[in-house]
1. Mind grabbing the accessible area of residue 3 for me, 1.4 Å probe, Å², rounded to tens?
2. What FRET efficiency, computed as 1/(1 + (r/R0)^6) with R0 = 35 Å and r the Cβ-Cβ distance, is obtained for residue 12 and residue 129, rounded to the nearest 0.05?
3. Which residues' amide hydrogens lie under 5 Å from the amide hydrogen of residue 108, considering only partners 5 or more residues apart or on another chain, with H built in the peptide plane?
4. How many times 2.2 N^0.38 Å is the alpha carbon radius of gyration of region 1-99?
5. Within 10 Å of each candidate Cβ there may be at most 13 other Cβ atoms; applying that plus a DSSP loop requirement, which GluC sites (Glu not before Pro) in region 49-135 survive?
6. Distance in nm between label sites at residue 5 and residue 110, each 7 Å beyond Cα in the beta-carbon direction?
7. Is region 43-92 best put as rounded, prolate or oblate by its Cα gyration tensor, with a ≥ b ≥ c the root eigenvalues, rounded for a/c under 1.5, and otherwise prolate when a/b is larger than b/c, oblate when not?
8. Could you report the accessible area of residue 69 in Å², rounded to 10, computed with a 1.4 Å probe on the protein chains as they sit in the structure?
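The values are calculated or read from the model by the stated rules, or taken from the named source; none is laboratory data. In this text, all values refer to a predicted model and were calculated from it rather than measured experimentally. Ideal geometry is used to build each Cβ from the backbone, glycine not excepted, and the neighbour counts take in all protein chains shown. Areas reflect the complete protein model, heavy atoms only, side chains present, ligands, DNA and RNA absent. Shrake-Rupley method; radii C 1.70, N 1.55, O 1.52, S 1.80 Å.
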Amino acid sequence: MRHRRSGRKLGRDASHRKALYSNLTGALIEHGRIRTTAAKAKEVKPVAEQMITLGRRGGVPARRQALRFLRSQDVVHKLFSDVGPRFAGRPGGDSRIVRVGPRLGDAAEMVYLELVDYVPPEVSAPPPRQRRERAEEEDQEPTAEAEPDEEPIGEPEPDEEEPATAS
């Protein structure tokens with residue numbers, strides 16, 4: 001029995017689970033929002049908030065601790081230069097889980113794990129395709145059915161007559 005044993009195994013061994021948490025936390029810090037399953041999000045949320053706390057603290061030791069876990073200098077730089085100062089005034093609760101619905105393949109419950117100040121980027125709609133009228137097409141492109149330049153309908157006349165050769 002699993003009485004009072006915390007944490008989910010997620011079908012992975014310990015090193016794979018640690019790598020998963022590291023990658024998901026790095027993606028959350030880098031992008032501001034990730035889409036994942038509910039079980040993974042519930043496990044990653046405390047880890048991500050701990051990393052944000054390190055970013056809020058600042059300093060070389062905190063940066064080294066974050067780098068040891070996240071393993072990406074770019075993500076750690078963004079954590080300490082952008083994300084940490086943004087959440088400096090908050091007492092905690094830096095991320096939230098927003099339920100999306102079941103995944104089509106296996107009906108796993110999908111969620112967005114996002115930072116609380118995340119604002120989705122505005123996606124500009126592509127301009128509507130303009131339809132051309134048939135009349136405009138006929139005006140612009142001459143068709144094969146247009147009137148010919150008054151050629152006779154009979155057999156074509158030979159341009160030059162070739163002399164008959166006697167062999």
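1. My reading of the accessible area for residue 3 is about 130 Å².
2. Numbers: r = 47 Å, r/R0 = 1.34.
After rounding to 0.05, the efficiency reads 0.15.
3. Excluding prolines and chain starts, which carry no amide H, the hits are 103.
4. 1.10
5. Working: sites: 49, 109, 114, 122, 133; in loops: 122, 133.
Listed in order of number, the matching sites are 122, 133.
6. It is 3.1 nm.
7. Details: a/c = 1.64, a/b = 1.17, b/c = 1.40.
Oblate, because a/c is 1.5 or more while a/b does not exceed b/c.
8. We get 50 Å² for residue 69.
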